[in-house]
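Following: one structure in structure tokens, then a few remarks.
Derivation of every value follows stated rules applied to the coordinates shown; laboratory data play no part. Fair warning: this is a prediction, and the values are worked out from it, not measured in the lab. As a convention, Cβ positions derive from the backbone with ideal geometry for all residues, glycine included, and neighbour counts pool all protein chains shown.
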Amino acid sequence: MQTTHSVPLLCVISLLGIASASAQSLPDGENGRYTLSPVKDGVVRLDTRTGTVSTCADAGNGWTCRVVPDERAALDTEIGRLQKENESLKTQLAAKSDVAPKLKESERKIEIPLPSDRDMDRMMSTVENAWRRLVEMAGRLQRDYGGKI
């Protein structure tokens, strides 16, 4: 009878041994350095020291982990490239402005031509017509309201 009870006990101990062996084959360790999260085909591993994320799976001949591309690294690379390009463009712009002839303050003045006599006559005619219409309108208003304005 003791033999029948020891068989299930041996099975449980064997299963615990297999479970601990499979847990040891996962890429976990180094005093809690990695945090593992189960996914469909394996685990996602976060390196708590570097922030690197990897996907790990059992490829049949052992566990392999592949680093997940980091968008932040790509953004940092692009920012660095744009900063270098910006500095290059600033340098080019400064070089062009040094080559361009510098004008004296007196040479920068904008000259506006005076109106011709014909333009002045047209303007005076327009003002006279507007004044005449205004006076006529004031006269009509006084007549319509009997001089009470």
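Among the trypsin sites (Lys or Arg not before Pro) within the range 37-134, which fall in a DSSP loop and have no more than 12 other Cβ atoms within 10 Å of their own Cβ?
Those that pass, being in a loop and sparsely packed, are LYS40, ARG49, LYS102, LYS104, LYS109.
Karplus couplings for the range 69-82 from phi (6.51 cos²θ - 1.76 cosθ + 1.60, θ = phi - 60°), rounded to Hz, Gly and Pro as x?
x, 9, 5, 5, 5, 5, 5, 4, 4, 5, 4, x, 4, 5
Please list, in order along the range 40-46, the HN-Hα scalar couplings obtained from phi with the Karplus expression 6.51 cos²θ - 1.76 cosθ + 1.60 (θ = phi - 60°), rounded to whole Hz, x for Gly and Pro.
3, 9, x, 9, 9, 10, 10
Can you grab the distance from the C-alpha centre of the range 74-94 to the C-alpha centre of the range 34-48, Å, no decimals?
With the range 74-94 and the range 34-48 each reduced to a Cα centre, they are spaced 37 Å.
Run the simple label-point estimate for GLN142 and THR52 please: 7 Å along Cα→C-beta, distance reported in nm.
9.9
Give the long-range amide H neighbours of VAL68: residues separated by 5 or more places, or on another chain, with amide H under 5 Å away, using H modelled in the peptide plane at 1.01 Å from N.
Under 5 Å from the amide H of VAL68: VAL53, SER54, THR55.
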